[in-house]
1. For Val125, work out the one condition from (1) in contact with a Gly (Cβ under 9 Å, 6 or more places away or on another chain); (2) at negative phi it doesn't fulfil.
2. Can we say Met176 is over 19 Å from Leu70 (Cα atoms), touching a His at 6+ places or on another chain (Cβ under 9 Å), surrounded by 12 or more Cβ atoms within 10 Å (Cβ to Cβ) and not acidic (Asp, Glu)?
3. Is it the case that segment 81-92 has a residue that's more than 15 Å from the chain's Cα centre (by Cα), of a type in the set (A, V, I, L, M, F, W, C) and at pLDDT below 95?
4. Those residues that are surrounded by 13 or more Cβ atoms within 10 Å (Cβ to Cβ) and within 20 Å of Ser121 (Cβ to Cβ), I need them from segment 195-213; list them, please.
5. For segment 197-206, which positions are touching a strand residue (DSSP E or B) at 6+ places or on another chain (Cβ under 6 Å) and either of a type outside the set (A, V, I, L, M, F, W, C) or part of a strand (DSSP E or B) (or both)?
6. Take segment 179-194 and flag every residue that is over 17 Å from the mean Cα position of the chain (by Cα) and either modelled with pLDDT of 90 or more or loosely packed, with under 13 Cβ neighbours inside 10 Å (or both).
7. For the structure I just gave you, tell me whether Val23 is modelled with pLDDT of 90 or more, buried (at least 21 other Cβ atoms within 10 Å of the Cβ), over 14 Å from Ala63 (Cα atoms) and out of contact with any Leu (no Cβ under 8 Å at 6 or more places or on another chain).
8. Filter segment 45-63 down to the residues that are surrounded by fewer than 23 Cβ atoms within 10 Å (Cβ to Cβ) and under 11 Å from the mean Cα position of the chain (by Cα), then identify the one that is nearest to His187 (Cα to Cα).
Amino acid sequence: MPEQYQETMKGTTTIGLVFAGGVILATEKRATMGYMIASKRAKKVYKVADRIGMTTAGGVGDAQQLARILTVECNLYQIRRSRSITVGASSTLLSNYLNQNRYFPYYVQLLVGGVDEHGPSVYSVDAMGGATKEEEIVATGSGSPMAYGVLEDRYHTGMTEDEAIDLAIRALKAAMKRDAGSGEGIHVVVITKDQYLEMSEDALKKYLSKTPN
């Protein structure tokens, strides 16, 4: 079998962004195996608790397994303590699991974001178990350098939900133009204290029309 087909599915741009009332988690949908586009509909944002989501960059199999594990652990936390897990606690739980497996690491870079009793927040979690709270913006994956160029230029504290969605999409489209591992469609999740909303294709159209193709 050719070498490129044996490579792990990888290549991504994921974005986490804190706005005045919540968090935006956004990704594109391409998964690659070397120079081959393995999937045009890869899922890269997972709901792990009522108001918490996780984005994935890296190996698809590793990411999916970690999403399942974190979802179960968040549910167990709710059952055992009769209250919802916080964003910080879920990211710590995930980082502890990754750190325990650092000698046989999961090839991933993750974002955990959502809204809890302390307000909106996003954490970046690496393959070795390092967890960092990001105050405003964060991007991961092969397209993150291009995404950061847009995010750093346009982000400001206290953005509205509409502004935050528009910025996340602009940053993703910039990455998709220059990064071979990023492309196809866009997936946006909006998390507030009232809801976890996966935006539909129709809802995204008005934002996509604002930026050049």
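The values are calculated or read from the model by the stated rules, or taken from the named source; none is laboratory data. Note that the structure is predicted; figures quoted are calculated from it, not measured. Note: ideal-geometry Cβ built from the backbone for every residue, glycine included; neighbour counts use all protein chains shown.
1. The failed condition is (1).
2. When the stated conditions are applied, Met176 does not pass them.
3. No: zero hits.
4. Tyr196, Leu197, Glu198
5. The answer is Leu197, Glu198.
6. Those that are over 17 Å from the mean Cα position of the chain (by Cα) and either modelled with pLDDT of 90 or more or loosely packed, with under 13 Cβ neighbours inside 10 Å (or both): Lys193, Asp194.
7. No, not satisfied.
8. Out of the qualifying residues, it is Val45.
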